[in-house]
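Data block below; observations after.
The values are calculated or read from the model by the stated rules, or taken from the named source; none is laboratory data. The model shown is predicted, which means the values in this text are computed figures rather than measured ones. Cβ coordinates were reconstructed from backbone atoms using ideal geometry, including for glycine residues, and neighbour counts include every protein chain displayed. The area values use the complete protein model at the heavy-atom level, side chains included, leaving out ligands, DNA and RNA. Shrake-Rupley method; radii C 1.70, N 1.55, O 1.52, S 1.80 Å.
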Amino acid sequence: MKLYTSALLVWLFFLTISASAQQRSPTFNVIAFYTAKNDAAHISFVHEANRWFPKMAAQYGFRYDSTADWTNLNAQFLARYQVVIFLDTRPDEPAQRAAFETYMKQGGAWMGFHFAAFALTPSTYPQNWDWYHNEFLGSGSYRSNTWRPTSAVLRVENSKHPALRKLPKTFTASPNEWYRWTGELRTNPDIDILLAIDSTSFPLGTGPKPHEIWHSGYYPVVWTNKKYRMIYLNMGHNDIDYEHKTNKELSFTFGNPIQDKLIINSLLWLGKRK
């Protein structure tokens, strides 16, 4: 009887500890905005991200929410969250843009992936938001990209940044469509380049168009702006079977241990209050 009572008490103890852990408040709250309507590769990435981030939230103790309703980009809604993520696009309505700019200038944190920085005039996403593209991101407009999506060897440019904690000097990223920009990030005093494409990656891309294959040059792919709590990552374009019109996913962004560590390091850094 005593043995049974002891076992019951131990079981109740661990049950109490488990319940307490489940009820513990998250260390910070994350809201991810997305559109997921146009390119199959971007849609694939958004769905993948919305599967991966909740798993990381459970593991690292933060809360992750996501929404395709960009009208939520307002002061009242954003007040609930310490970190905002743009998974694939950016806001286009003036009120939403103003709310986001105010949020960032008041100490909010932001993470953006791949297409969130895209701007090209003329296109569906013209460069008509100077603060965001020129000041905040510093990248200006889209200039060109590699094709098709391929892995690249990335080189750490600032090993002291928390986002790069315990990352090797170089590593192979997941397949991606890599962008370059009109803005010169290297000469921008506000920009801290964290990762760039290593020269061992060249030639990068397979074409078929010659300009879609890069043979030389300096290409930043992850950076921060020292004036804001933000980080941009060029990753976020999975390889898709366009040729046979199956839209089958041929590669994924997450599942690369080193790249995953980069992303979670970045998010934990953003979520840690100053």
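Structure notes:
- Flag for residue 37 being of a type outside the set (A, V, I, L, M, F, W, C) and either more than 26 Å from the chain's Cα centre (by Cα) or modelled with pLDDT of 95 or more (or both): no
- Pair list, Cβ < 8 Å and 6+ apart or interchain, from region 251-273 residues that are at positive phi and modelled with pLDDT of 95 or more to residues that are of a type outside the set (A, V, I, L, M, F, W, C) and surrounded by 16 or more Cβ atoms within 10 Å (Cβ to Cβ): 255/174
- Taking the numbered list (1) open to solvent by less than 70 Å² (accessible area, probe 1.4 Å); (2) in contact with a Leu (Cβ under 9 Å, 6 or more places away or on another chain); (3) among the charged types (D, E, K, R) in turn, residue 143 passes all entries but (1).
- Criterion (farther than 28 Å from residue 132 by Cα, touching a Pro at 6+ places or on another chain (Cβ under 7 Å) and among the β-branched types (Val, Ile, Thr)) met by exactly one of 240, 213: 213
- Looking only at region 50-104, and only at residues there that are among the basic types (Lys, Arg) and in a helix (DSSP H, G or I), the one that is nearest to residue 132 (Cα to Cα): 97
- Matching residues in region 194-213 - criterion: being within 15 Å of residue 154 (Cα to Cα), out of contact with any Lys or Arg (no Cβ under 8 Å at 6 or more places or on another chain) and among the hydrophobic types (A, V, I, L, M, F, W, C): 194, 202, 204
- Residues being assigned to a helix (DSSP H, G or I) and open to solvent by less than 10 Å² (accessible area, probe 1.4 Å) - total across region 146-179: 2
- Conditions (1) out of contact with any helix residue (DSSP H, G or I) (no Cβ under 9 Å at 6 or more places or on another chain); (2) open to solvent by less than 30 Å² (accessible area, probe 1.4 Å); (3) under 12 Å from residue 234 (Cα atoms); number of the one not met by residue 185: (3)
- Matching entry among 55, 37 (being of a type in the set (D, E, K, R), closer than 28 Å to residue 125 by Cβ and exposed (fewer than 13 other Cβ atoms within 10 Å of the Cβ)): 37
- Taking the criterion of being among the small types (Gly, Ala, Ser) and either more than 24 Å from residue 168 (Cα to Cα) or touching a helix residue (DSSP H, G or I) at 6+ places or on another chain (Cβ under 6 Å) (or both), the residues of region 195-217 that qualify are 205, 207.
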